[in-house]
1. Conditions first: (1) closer than 12 Å to residue 144 by Cβ; (2) touching a residue at least 40 places away in the same chain (Cβ under 8 Å). Residue 124 passes all but one, so which condition is the exception?
2. How about the range 56-74: which of its residues are surrounded by 12 or more Cβ atoms within 10 Å (Cβ to Cβ) and either farther than 22 Å from residue 175 by Cα or in contact with a helix residue (DSSP H, G or I) (Cβ under 9 Å, 6 or more places away or on another chain) (or both)?
3. Give 68, 40, 33 a once-over and let me know the one that is part of a loop (DSSP other than H, G, I, E, B), in contact with a strand residue (DSSP E or B) (Cβ under 7 Å, 6 or more places away or on another chain) and over 21 Å from residue 165 (Cβ atoms).
4. Got a sec? Which of 60, 90 is without any contact (Cβ under 8 Å) to a residue 12 or more places away in the chain and more than 19 Å from residue 146 (Cα to Cα)?
5. Filter the range 43-56 down to residues that are touching a residue at least 40 places away in the same chain (Cβ under 8 Å) and assigned to a helix (DSSP H, G or I), then give me how many there are.
6. Mind checking which helices (runs of 4 or more DSSP H) fall wholly inside the range 75-188 and carry at least 3 residues that are surrounded by fewer than 20 Cβ atoms within 10 Å (Cβ to Cβ) and modelled with pLDDT under 95?
7. In the range 28-52, how many residues are modelled with pLDDT of 95 or more and loosely packed, with under 12 Cβ neighbours inside 10 Å?
């Protein structure tokens, strides 16, 4: 009886460690770029085959969102909500850039099927996802984590979401832009 309880306790402890480690793998290593620091620059190809360089978007707010995979349920909901709110982002002089490890052809199919009119960027080498600490290592595959970074018009990281609820995320990002814009106009 004591031996089976000890075995059960060890199994439970190992399961807890595995769960905790698995959770951290899904969130990245816990070392994203620092808020208040310049956003790491990159160039990636979009669904239309054109390169997009982050620093070329200075003067606008950038919503840089990483997502695991085209055509999956959570990613589709998140993309639909950004698309639904696209006019609100445009009013705030903000552009939306989605990043995942799928290629341009997959992104093009996803945009066509789902009616998306913003840029999805192909990070097939996973370099940008790694730079932004946004990689899920599933052992057999690496995907982008569901993280979002808000970059101000000067190219500075202003906010990060490392735990995203796809249902309300777009509204949270819009509210953050409003708050940050109001802070900037309130300064003497």
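The values are calculated or read from the model by the stated rules, or taken from the named source; none is laboratory data. Note that the structure is predicted; figures quoted are calculated from it, not measured. Every residue, glycine among them, receives a Cβ derived from its backbone with ideal geometry; neighbour counts consider all protein chains shown.
1. Among (1) closer than 12 Å to residue 144 by Cβ; (2) touching a residue at least 40 places away in the same chain (Cβ under 8 Å), residue 124 violates only (2).
2. Listed by number, the residues that qualify are 61, 62, 63, 64, 65, 66, 67, 68, 69, 70, 71, 72.
3. Values: 68 fails: over 21 Å from residue 165 (Cβ atoms); 40 fails: in contact with a strand residue (DSSP E or B) (Cβ under 7 Å, 6 or more places away or on another chain).
Only one candidate qualifies: 33.
4. The match here is 90.
5. From the range 43-56, those touching a residue at least 40 places away in the same chain (Cβ under 8 Å) are 44-49, 52, 54-55; that's our starting set.
Next cut, assigned to a helix (DSSP H, G or I) only: 54-55.
Of the residues in the range 43-56, 2 are touching a residue at least 40 places away in the same chain (Cβ under 8 Å) and assigned to a helix (DSSP H, G or I).
6. Numbers: elements: 86-91, 104-114, 127-131, 169-186.
Result: 169-186.
7. The number of residues fulfilling the criteria is 5.
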